[in-house]
Amino acid sequence: MTQIATGYQSPRVLPGFEHINRYWDKRMNLAAAKIMPGEFYVSLHGEMIVTVLGSCVSACIRDRVHGIGGMNHFMLPMQGEHSSAQWGSSTVSSASRYGNWAMEFLINEILKAGGEKKNLEVKVFGGGNILSNMTNIGKRNIEFVKGYLANENLEVVAADVGDLYPRKVLYFPDTGAVKIRKMRQMRNDTVMQREKAYIEDINKKPKSGDVELF
Amino acid sequence: MARILAVDDSASMRQMVSFTLKGAGHDVIEASDGKEALGKAKGTQVDLVLSDVNMPVMDGLTLVKELRALPNYKFIPILMLTTESTGDKKMEGKQAGATGWLVKPFNPDQLLATIKKVLG
């Protein structure tokens, strides 16, 4: 347990996730980690993972035996001729590579923390049609995740995807429970602005890993 | 063109890598973990190994050590293609005997250029 500035005893954070916003959620009486578009979080125990999804999708994945689990939050980049992400059409598009990385990164971090692939349980959320000038973006993200999981032989045990509204998702990796609130009325456009900034960022600077020769 | 052993436990990643390598004219042999890769490498001589790090059964770094112990794989280029990006992990790869380290998501042109470079 780690004592942090707000005074609560937070569960130990795994290496690589120190930058994630973690706090004590008074309403749920539980430690929480809130992830933004493009972020990931994996928890060993005693935490909930929170995010708000518009057109983005989140896979909530956990080892159902050990209770180790995490969440990602991403969407696919849109880059003209290379934007296709359908399996079997253009399997090396930048969209496919980015989506593949977003899924694999989460799964690898869960396995590194002690999870086992044979125990993985997957739930999928998001992909709402909320960005007015990008009508297919949510659908495209949903299709990618479903295709990826089928290809990896990972069964989806629950999903709440599509529709017109953003979703607030609370995920409890200890038990696999999920609480979802569809935000039919929003006080501001923060969710849309965050997603727009995120997609502009990944479109402008396609994520590509570095290369080092020894 | 080279005969390349592509090792990854993710079927999606194997598809993308194979598609890229075959598109450039390479001959690709696939394996889904280090143990399967080691068996295939012993059965057929390959010119280059491109391997993931985190895999069940036998991980990529163990595979590198096992391959380097074989006389005919002592000097064959072995590139790691992984989500791991920390300096510590790269150092482990270097010490195990890897030739280079590529962080996912890969750029197809960059991957092919790196392969060309290490094949000489």
Got a sec? Which helices (runs of 4 or more DSSP H) wholly within region B:12-120 have at least 1 residues that are within 14 Å of chain A (Cβ to nearest Cβ) and at pLDDT 95 or above?
-> B:60-68, B:87-96, B:108-119
Residue that is surrounded by the most Cβ atoms within 10 Å (Cβ to Cβ) [pool: residues in region A:23-37 that are in contact with an Asp or Glu (Cβ under 8 Å, 6 or more places away or on another chain) and closer than 16 Å to A:PHE172 by Cα] = A:ALA33
What's the number of the condition A:ALA177 fails, among (1) free of Cβ contacts under 8 Å to residues at least 12 places away in the same chain; (2) out of contact with any strand residue (DSSP E or B) (no Cβ under 9 Å at 6 or more places or on another chain)?
-> (2)
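The values are calculated or read from the model by the stated rules, or taken from the named source; none is laboratory data. Predicted model only: the values in this text are computed from it and were never measured. Glycine gets a Cβ as well: all are built from the backbone with ideal geometry, and neighbour counts include every protein chain shown.
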